[in-house]
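First the structure, in the form of structure tokens, and then the observations on it.
The values are calculated or read from the model by the stated rules, or taken from the named source; none is laboratory data. Note that the structure is predicted; figures quoted are calculated from it, not measured. For neighbour counting, all protein chains shown are included, and Cβ atoms are generated from backbone atoms with ideal geometry for every residue, glycine included. All accessible areas refer to the heavy atoms of the entire protein, side chains included, with ligands and DNA or RNA removed. Shrake-Rupley method; radii C 1.70, N 1.55, O 1.52, S 1.80 Å.
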Amino acid sequence: MRRLLTALVASASLALTGCAPASDPSAVDAAGLTQEDVARMSLHEEFDRYHEHYERMQQVLAAAQRRVHDGEWRWVGGDRVPGIGGDGVVPLIGSTTENSYDLRTSRVWSSLDAGSDRRELRPMIDYFEDQGWPWRERTLGKNHDVWAVTDDGWHIQYLIVSNGNHALTIYSGLFWTNDGLELTEAVGGRNDGEYPEESRPGEYPPFPKWSDPIIRPPKI
């Protein structure tokens with residue numbers, strides 16, 4: 001089930017992704033920074049910047065979750081490590097897998113009585129309209145989804161699967177980094193890799209601190 005939901009969420013976003021053309025020094029990332037701005041940052045500063053994006057992602061997720069289901073949501077996977085850059089829901093001129101990253105997180109809950117009734121999208125659409133965010137609805141075979149973009153550029157997808165599962169995914173735009181691998185190791189190395197099977201909106205493991213020891217990979 002987890003593999004199917006991941007594939008559905010991924011396929012639903014393909015129409016919004018794209019390969020970046022040649023580099024443009026003036027291109028700003030999802031936080032409004034250029035590569036030159038980021039080049040002046042230390043790894044520690046990039047780590048803290050990533051942490052801020054991560055916390056914002058969790059806020060966007062929890063607010064959307066609460067509008068449709070206050071109970072337990074199943075995790076699709078961990079979400080503390082930066083995503084591979086290059087492509088994203090919003091193209092960034094000059095971005096590659098080495099100089100950019102994004103964030104995304106997904107949760108799932110089930111409403112077996114509802115099946116694939118597209119009316120199940122209505123509470124989320126009402127939420128988007130209450131916020132004044134642009135949104136669009138689609139039908140994907142027997143499944144239905146709705147997309148919206150927050151005022152600060154986060155993309156929200158709510159997917160109703162024909163088996164009654166409801167998948168909520170939050171996507172960021174792309175962010176510049178001086179070294180994607182180095183940032184991933186800085187975050188992932190301080191991350192125990194554990195995440196819950198289920199959690200209520202707003203519940204997630206604490207983000208590591210820069211002062212935490214590197215534990216992954218193990219010290220030799």
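Checked against (1) open to solvent by 80 Å² or more (accessible area, probe 1.4 Å); (2) modelled with pLDDT of 95 or more, I220 meets all criteria but (2). Listed conditions (1) out of contact with any Cys (no Cβ under 9 Å at 6 or more places or on another chain); (2) closer than 22 Å to E45 by Cα are all met by S111, apart from (2).
Residues in segment 84-131 that are open to solvent by 10 Å² or more (accessible area, probe 1.4 Å), within 24 Å of E182 (Cβ to Cβ) and of a type in the set (D, E, K, R): D87, E98, R104.
Among V60, V90, which is of a type in the set (V, I, T), under 17 Å from the mean Cα position of the chain (by Cα) and more than 28 Å from E194 (Cβ to Cβ)?
One residue alone meets the criteria, V90.
In the set D29, D37, D48, which member is at pLDDT 90 or above and in contact with a strand residue (DSSP E or B) (Cβ under 6 Å, 6 or more places away or on another chain)? After ruling out the rest, the residue left standing is D29.
Residues checked against (1) closer than 29 Å to Y50 by Cβ; (2) part of a helix (DSSP H, G or I); (3) free of Cβ contacts under 8 Å to residues at least 40 places away in the same chain:
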position	(1), (2), (3)
T139	no, no, yes
V146	yes, no, yes
L159	yes, no, no
A167	yes, no, no
G173	yes, no, no
A186	yes, yes, no
R190	yes, no, yes
G202	yes, no, no
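Can you confirm whether R200 is touching a helix residue (DSSP H, G or I) at 6+ places or on another chain (Cβ under 9 Å), open to solvent by less than 10 Å² (accessible area, probe 1.4 Å) and of a type in the set (K, R)? In short, no. Within segment 31-62, the set of residues being crowded, with 16+ Cβ neighbours inside 10 Å and touching a helix residue (DSSP H, G or I) at 6+ places or on another chain (Cβ under 8 Å) comprises A31, V38, M41, E46, F47, Y50. Report yes if E182 is over 17 Å from R122 (Cα atoms), open to solvent by 50 Å² or more (accessible area, probe 1.4 Å) and not in a loop (DSSP other than H, G, I, E, B), otherwise no. Here the answer is yes, as E182 does meet what is asked.
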